[in-house]
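The values are calculated or read from the model by the stated rules, or taken from the named source; none is laboratory data. Note that the coordinates shown come from a computational prediction; the quantities given were computed from them, not determined experimentally. FYI the Cβ positions are ideal-geometry reconstructions off the backbone, even for glycines, and counts take in every protein chain you see. The accessibility values were calculated without ligands, DNA or RNA, using every heavy atom of the protein model including side chains. Shrake-Rupley method; radii C 1.70, N 1.55, O 1.52, S 1.80 Å.
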Amino acid sequence: MLDTGQLEKGRPVVCVQGLGFVGSAMAIAVANARGADGRPLYSVVGVDLPNEAGRHRIASIAAGEMPFPGADPELDQALARAHEAGNLMATDDAGVFAHADIVLVDINLDIDWSAPRPEVRFAAMQRAIDALAARLKPGALVIVETTVPPGTCERVIAPRLAAGLEARGLPPDSVRLAHSYERVMPGAQYYNSIVNYWRVYAGTTPEAADACERFLSTVINVTDYPLTRLGSTTASETAKVLENSYRAVTIAFMEEWGRFAEAVGIDMFEIVNAVRMRPTHANMRQPGFGVGGYCLTKDPLFAAVAARALFEREDLAFPFCTEAVRTNAAMPLVALDKLRGLLGGSLAGKRILLLGVSYREDVGDTRYSPAQTFVEAAERDGAEVTPHDPLVTWWEELQRPVRGSLPDADGFDAVVFTQGSPAYRRLDLAAWLKGSAVVVVDANNVLTDTQRHQLRDLGCRHAAIGRGIMMGESC
């Protein structure tokens with residue numbers, strides 16, 4: 001149990017509810033907020049559930065260690081500063097919310113894929129809000145950072161919070177509620193994506209929005225990355241869902257162009273880079289192995305869920321978003337089909353080395369990883385898959401270990417590159433593959449020009465997503 005005596009009087013207390021990939025980093029960022037005198041502005045407490053995962057995160061934060069593997073030295077340094085300053089703590093004791101002046105809500109909100117139509121599981125969020133409503137003092141500010149279906153703050157969270165406050169004999173509006181979605185990017189820019197990045201926010205009342213603005217301005221570099229205030233929390237929620245839906249749809253759009261490039265023998269990555277020279281197309285996406293992680297795999301469905309479940313508008317459909325999720329989920333199977341072709345049409349008894357199980361490079365996160373789809377399908381076809389990853393040692397979703405050292409290539413029939421870890425881009429393929437009959441699939445534009453030339457010089461059979469085999473190449 002947390003010693004509340006550690007919460008220094010005279011310094012506002014910020015509780016971060018949920019210590020996942022977002023909450024842990026947010027707690028560190030808030031603990032690093034400093035006043036003009038260089039002293040910490042806040043006493044920060046990360047709060048998680050009293051289960052195995054939650055206690056691991058709590059123990060890690062308390063020890064001055066990140067709960068998740070990553071590749072951002074700035075985040076590690078920020079955590080070290082907070083640990084040395086002594087203003088960052090962690091607990092599973094919900095009683096600490098009674099001391100909170102501000103609460104950041106970073107609770108996972110999942111899609112129920114087993115339902116006839118995608119539904120959102122609000123239960124965890126509702127329990128989290130109940131825990132706040134039962135303890136928060138009047139005047140506290142709650143900022144929801146979780147990506148939620150538009151309308152969630154106004155139609156789910158606010159009524160739940162008000163009911164809990166009224167049950168304690170407090171006015172239903174005695175706690176302020178705001179929404180400000182995070183744009184956290186785990187990886188090399190993990191910390192900067194919080195403190196040096198733009199934020200959108202809104203409040204259920206002008207007072208709540210003002211309080212949210214004041215707080216964010218102490219944590220984020222708003223001089224270079226000004227805040228954007230929207231007219232309602234529903235607008236703020238919609239902005240996040242639209243952002244992620246836009247990206248998911250444009251990624252899915254590029255898949256058909258990847259198939260075209262492969263069919264006619266051209267390089268779609270070369271083409272995309274040429275198109276990106278036009279400023280209006282600088283963020284053009286490219287074909288790849290698949291979409292993974294906690295956001296793009298589900299967020300495009302949130303608008304349809306909101307329309308149906310929160311606004312009773314069954315007439316509103318989102319066909320582009322729905323098709324994008326379906327297309328992106330199937331992308332790993334395209335790489336598997338290419339591999340099957342290289343191996344003579346069958347995967348039965350084939351040994352595959354999968355290089356990269358996290359959903360992107362520099363991140364130890366396997367949630368919704370496209371690698372899982374690939375492995376499950378390959379094993380159904382009789383293949384034996386050995387996973388390797390520079391940051392992941394245990395694959396939670398598949399309940400199996402992941403190799404951290406690179407095995408010899410000659411022990412495998414095929415090697416599949418799934419994400420652009422620096423360890424893979426630095427790999428000397430000529431030395432590693434020499435004398436091996438292994439086939440190679442570059443499923444995500446991982447290999448450099450030098451590495452591709454090495455494959456050709458070795459006469460290695462290979463294929464790449466988004467790249468057709470040109471005349472004179474081995475295929």
_Looking only at segment 162-197, and only at residues there that are open to solvent by 10 Å² or more (accessible area, probe 1.4 Å) and part of a helix (DSSP H, G or I), the one that is nearest to ASP72 (Cα to Cα)_ = ASN192
_Condition (residue is β-branched (Val, Ile, Thr), touching a helix residue (DSSP H, G or I) at 6+ places or on another chain (Cβ under 8 Å) and within 27 Å of MET66 (Cα to Cα)) applied to segment 168-187: is it met by at least one residue?_
yes
*May I ask you to list the residues in segment 277-327 that are among the aromatic types (Phe, Trp, Tyr) and touching a helix residue (DSSP H, G or I) at 6+ places or on another chain (Cβ under 6 Å)?*
PHE289, PHE302, PHE318, PHE320
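Yes/no per residue for (1) at pLDDT below 95; (2) within 18 Å of ASP267 (Cβ to Cβ):
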site	(1), (2)
ALA443	no, yes
ARG461	yes, no
ILE469	yes, yes
SER474	yes, yes
*If you take the residues of segment 121-150 that are part of a helix (DSSP H, G or I) and charged (D, E, K, R), which of them is surrounded by the most Cβ atoms within 10 Å (Cβ to Cβ)?*
ASP130
*Using the structure shown, decide if LEU336 is outside any strand (DSSP E or B), under 13 Å from ALA383 (Cβ atoms) and not small (Gly, Ala, Ser).*
yes
*Would it be correct to say that GLY70 is open to solvent by 30 Å² or more (accessible area, probe 1.4 Å), over 18 Å from ALA140 (Cα atoms) and either of a type in the set (S, T, N, Q) or in contact with a strand residue (DSSP E or B) (Cβ under 7 Å, 6 or more places away or on another chain) (or both)?*
yes
*In segment 283-307, which residues are within 16 Å of PRO149 (Cβ to Cβ), in a loop (DSSP other than H, G, I, E, B) and open to solvent by less than 10 Å² (accessible area, probe 1.4 Å)?*
LYS298
*Would it be correct to say that VAL219 is of a type in the set (A, V, I, L, M, F, W, C) and touching a helix residue (DSSP H, G or I) at 6+ places or on another chain (Cβ under 8 Å)?*
yes
*Flag if GLY64 is at pLDDT below 95, surrounded by 14 or more Cβ atoms within 10 Å (Cβ to Cβ) and touching a His at 6+ places or on another chain (Cβ under 9 Å)*: yes
*Could you check TYR368 against (1) among the aromatic types (Phe, Trp, Tyr); (2) touching an Asp or Glu at 6+ places or on another chain (Cβ under 7 Å); (3) open to solvent by 50 Å² or more (accessible area, probe 1.4 Å) and say which number it fails?*
(2)
*In segment 55-69, is there at least one residue being aromatic (Phe, Trp, Tyr) and farther than 30 Å from GLY420 by Cα?*
no
*asked:* Considering only residues that are touching a Lys or Arg at 6+ places or on another chain (Cβ under 9 Å) and either surrounded by 17 or more Cβ atoms within 10 Å (Cβ to Cβ) or under 11 Å from VAL357 (Cα atoms) (or both), which ones fall in segment 376-392?
replied: ALA378, ALA383, VAL385, THR386, PRO387, HIS388, ASP389
*If you go through segment 421-438 one residue at a time, do you hit one that is surrounded by fewer than 22 Cβ atoms within 10 Å (Cβ to Cβ), touching a Lys or Arg at 6+ places or on another chain (Cβ under 8 Å) and at pLDDT 95 or above?*
no
*Which condition number does ASP76 fail, the rest of (1) free of Cβ contacts under 8 Å to residues at least 12 places away in the same chain; (2) among the acidic types (Asp, Glu); (3) open to solvent by less than 60 Å² (accessible area, probe 1.4 Å) being met?*
(3)
_Subset of segment 5-55 that is of a type in the set (D, E, K, R) and within 22 Å of the chain's Cα centre (by Cα) - its residue that is surrounded by the most Cβ atoms within 10 Å (Cβ to Cβ)_ = ASP48
*For ALA123, state whether it is without any contact (Cβ under 8 Å) to a residue 24 or more places away in the chain and closer than 30 Å to ALA317 by Cβ.*
yes
*Name every residue in segment 308-333 that is open to solvent by 50 Å² or more (accessible area, probe 1.4 Å) and of a type in the set (A, V, I, L, M, F, W, C), in order of residue number.*
ALA309, PHE311, LEU316, ALA317, PHE318, PHE320, ALA329, LEU333
